[in-house]
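Here's the structure we're looking at; comments come further down.
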Amino acid sequence: IAALTFSPNGQYLASTSWDNTIKIWDVRRGRLRHTLTGHQNGVTQVAFTPDGQVLFSGSTDQTIRLWNTQTGELLKILLDQEPIEGSIMLSEDGKLLLSQRTDQALHLQDWDLSDLLTLGHEHLENYLLTHPNALNKH
């Protein structure tokens, strides 16, 4: 296990692993709810949105993935410039994502989750590849 975090309501626990998976556990029932697969390298961090409906996962495969916590469905993939090895955190309103990468820099991304979910991931991947510093605030 690389990281653990509770959902805001304490009902779920997300665990990450170096086997490239994320597991979402139902704490009250003590049962596995979902195993999330798709990362190509170890998953180092996870963070729930304030409503607990979306889980962000950061990996050394240079992606941040967004998952539906109710269905386990992959919602979006964000490409990054560096592998995620430190923390990822969401602000209380879910509009700021802070991540720590292997270069030890902290990167703050300012965006609205509802806007992000309406855009296709191809658009986001292309934008981030062509504007690598557009979302970074130092």
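Restricting attention to the stretch 21-62, the residues that are aliphatic (A, V, I, L, M) and under 12 Å from SER7 (Cα atoms) total 6. With the condition kept exactly as written, say whether any residue in the stretch 71-84 is of a type in the set (S, T, N, Q) and at pLDDT 75 or above. Within the stretch 71-84 (the criterion being of a type in the set (S, T, N, Q) and at pLDDT 75 or above), the answer is yes, since at least one residue qualifies.
Filter the stretch 9-18 for residues that are outside any strand (DSSP E or B) and surrounded by 14 or more Cβ atoms within 10 Å (Cβ to Cβ) and give the result. Step through it out loud before you land on a result.
Step one: of the stretch 9-18, the residues outside any strand (DSSP E or B) are 9-11, 17-18.
Within the stretch 9-18, GLN11, SER17 qualify.
Within the stretch 44-55, residues that are in contact (Cβ under 8 Å) with a residue 24 or more places away in the chain reach partners that are in a loop (DSSP other than H, G, I, E, B) and among the acidic types (Asp, Glu) with beta carbons closer than 7 Å, at six or more positions or on different chains, in the pairs PRO50/GLU92; PRO50/ASP93.
Scanning the stretch 24-45 for residues that are within 14 Å of the chain's Cα centre (by Cα) and at pLDDT 95 or above yields ILE24, LEU36, THR37. ILE24 meets the conditions (1) over 18 Å from LEU97 (Cα atoms); (2) out of contact with any strand residue (DSSP E or B) (no Cβ under 8 Å at 6 or more places or on another chain) in every case but one. The failed one is (2). So which residues in the stretch 28-51 are surrounded by fewer than 17 Cβ atoms within 10 Å (Cβ to Cβ) and closer than 18 Å to GLN11 by Cβ? Of everything in the stretch 28-51, those that are surrounded by fewer than 17 Cβ atoms within 10 Å (Cβ to Cβ) and closer than 18 Å to GLN11 by Cβ turn out to be ARG28, ARG29, GLY30, ARG31, LEU32, THR35, PRO50, ASP51. For THR44, the conditions (1) touching a His at 6+ places or on another chain (Cβ under 7 Å); (2) under 26 Å from GLU92 (Cβ atoms) all hold with the exception of (1).
The values are calculated or read from the model by the stated rules, or taken from the named source; none is laboratory data. Everything numeric here is computed off the predicted structure, so don't read it as measured data. FYI the Cβ positions are ideal-geometry reconstructions off the backbone, even for glycines, and counts take in every protein chain you see.
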